[in-house]
Amino acid sequence: MAGLDEGTPLFAQVAERLAAEIADGGLAEGDRVPSTNELAAFYRINPATAAKGINLLADDGLVEKRRGVGMFVADGARQRLLAQRREHFVERYVRPLLTEATRLGIDNGELITAIKECGHEQFSDSRGGAVV
Amino acid sequence: MTSAISVAGLTRRYRDQVALDDVSLEIEAGSITGLLGRNGAGKTTLLRILAGQEFPSSGSVNVLGAPPAENEQVLRRMMFVREDQAYPDIRVGAALRAASWFYPNWDAGLADSLMADFDLRPTKAIKRLSRGMRSALGIVIGLAARAEVTLFDEPYAGLDAVARQVFYDRLLADYAERPRTILLSTHLIDEAAALFETVVVIDRGRVVLEAAADSLRGVATTVSGPVLAVDEFTAGRTVWNRRRLGAQASVVTVGQLDEASRARARSLGLDLVPLTLQQLVVHADGWPAAPEAANLEGVGA
């Protein structure tokens, strides 16, 4: 069970990992998706569980079957995944941030300053220049 | 679903002791099933009856469509690897040859590569093998037989964690190549959990849970934090186990938590830790001993 967590069904985690790889471009549109048996061997899970994970993506139209060859990343899959993530951004990242900030008594001004500073460090690390 | 193993109303008594109590069970053909439970729960008795090595006191047992006891047509198509299997005083290679004559699907190439993985030599006398190496031999024979139904009863006594991982990896790889019905009893539940498609939990001779293994992940969660917050969060939920230390409390809740509940727990400052399959089985004690318990909803209510 390589690197998977306890609390979520494994098939959902397999689907999520594949979706993340597609969103990051590691698996490009038109690329072959690892087979059920390859995923089962890699994650050390039951092949039926791995198959269920791939099927979840197929049901969403993110991957599609080519008869006799396997599953491939569908056209437009990456854009759709990125759009979904943007939709969930506030709920998943901003709201927990505000909750914790409230608990610690950090006001909006301090929070915005912290975000700016953090962004400054991150962007100057990765691009060699300040952006924010 | 096509059943490879079908058990109905199975009871096994030894004098005044009931080892299996009205067990009914269907094992889907081509699946890997985990048979879980405490020592003495009845796992070995069930496997021995499935393998035709013991007779039920009452009830019916069908393996591959027929009762297995004294039925060579069925027994040739099934494999039973026991914990601490006894062997005659022969060499490893001779044991493999004997198995190859009996099992029609025997794969000699697979046997050779498994022997190499476990560092087993064919010229070695079985009585000179360590306990772990004898277990490894049982595993080699159990997998290389490629029987349609394979029963493993705690097959790894004396094997270290590395050798057990070899077993799990080879089991999965060969199952992927040749899907077949595999029933594995184990008390090393967490390390084997991801292999299973289905799990059957036995407690005191009764089946207390039969479920898709993946559906049990996250089905129970330990919630801990300040008493008031824990109480607020768990109000109206099914709770298994409540512990308290000063102003801190820890409670096991049953039922999947959705994203909204998780967010609420975070905002209340609570820690959520999902129960592992092993911890779920530990709680089997608290489950009502009735077939309806197969449905986790309402368990412990």
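Being over 20 Å from B:LEU216 (Cβ atoms), charged (D, E, K, R) and touching a residue at least 12 places away in the same chain (Cβ under 8 Å) is the filter here; which residues of the range B:228-280 pass it?
B:ASP231, B:GLU232, B:ARG244, B:ARG264, B:ASP271
In this structure, does B:ASP203 turn out to be within 30 Å of B:SER3 (Cα to Cα), without any contact (Cβ under 8 Å) to a residue 24 or more places away in the chain and touching a helix residue (DSSP H, G or I) at 6+ places or on another chain (Cβ under 9 Å)?
On the way: within 30 Å of B:SER3 (Cα to Cα): yes; without any contact (Cβ under 8 Å) to a residue 24 or more places away in the chain: no; touching a helix residue (DSSP H, G or I) at 6+ places or on another chain (Cβ under 9 Å): yes.
Against the criterion (within 30 Å of B:SER3 (Cα to Cα), without any contact (Cβ under 8 Å) to a residue 24 or more places away in the chain and touching a helix residue (DSSP H, G or I) at 6+ places or on another chain (Cβ under 9 Å)), B:ASP203 does not qualify.
Filter the range A:75-107 for residues that are among the aliphatic types (A, V, I, L, M) and under 16 Å from A:ARG17 (Cα atoms); which is farthest from the chain's Cα centre (by Cα)?
A:ALA77
Output the residue which, of all residues in the range B:220-234 that are closer than 21 Å to B:GLN278 by Cβ and surrounded by 22 or more Cβ atoms within 10 Å (Cβ to Cβ), is modelled with the lowest pLDDT. It would help to see each step written out before you state the result.
Residues of the range B:220-234 that are closer than 21 Å to B:GLN278 by Cβ, as a first pass: B:220-224.
Cutting the leftovers down to surrounded by 22 or more Cβ atoms within 10 Å (Cβ to Cβ) gives us B:220-221, B:223.
Working: B:ALA220: 89, B:THR221: 92, B:VAL223: 95.
Out of the qualifying residues, it is B:ALA220.
I need the helices (runs of 4 or more DSSP H) fully contained in the range A:26-132, keeping only those with at least 1 residues that are under 27 Å from B:TYR175 (Cα atoms). Steps first, answer last, please.
Details: elements: A:36-43, A:47-59, A:77-89, A:95-104, A:108-127.
Answer list for the range A:26-132: A:36-43, A:47-59.
Give, as residue ranges, the helices (runs of 4 or more DSSP H) completely inside the range B:1-105 that count at least 3 residues that are over 26 Å from B:SER130 (Cα atoms) and not basic (Lys, Arg). Lay out the reasoning, then the answer.
On the way: elements: B:43-50, B:72-75, B:92-102.
Fully inside the range B:1-105 and qualifying: B:43-50, B:72-75.
Can you tell me which residues in the range B:235-270 are assigned to a loop (DSSP other than H, G, I, E, B) and buried (at least 18 other Cβ atoms within 10 Å of the Cβ)?
Once the filter is applied, which keeps residues that are assigned to a loop (DSSP other than H, G, I, E, B) and buried (at least 18 other Cβ atoms within 10 Å of the Cβ), the range B:235-270 yields B:LEU257, B:LEU270.
Tally the residues that are within 14 Å of chain A (Cβ to nearest Cβ) and either under 19 Å from the mean Cα position of the chain (by Cα) or among the acidic types (Asp, Glu) (or both), restricting the search to the range B:219-247.
Going through the range B:219-247, the residues within 14 Å of chain A (Cβ to nearest Cβ) turn out to be B:219-223, B:225-226, B:229.
The next check asks that each one be either under 19 Å from the mean Cα position of the chain (by Cα) or among the acidic types (Asp, Glu) (or both); those that pass are B:219.
Within the range B:219-247, residues that are within 14 Å of chain A (Cβ to nearest Cβ) and either under 19 Å from the mean Cα position of the chain (by Cα) or among the acidic types (Asp, Glu) (or both) number 1.
Give B:ALA193, B:ALA173 a once-over and let me know the one that is farther than 26 Å from B:HIS283 by Cβ and facing another protein chain (nearest Cβ under 8 Å).
Working: B:ALA193 fails: farther than 26 Å from B:HIS283 by Cβ.
The match here is B:ALA173.
The values are calculated or read from the model by the stated rules, or taken from the named source; none is laboratory data. Fair warning: this is a prediction, and the values are worked out from it, not measured in the lab. No Cβ is skipped: glycine too gets one built from the backbone with ideal geometry, and neighbour counts run over all protein chains shown.
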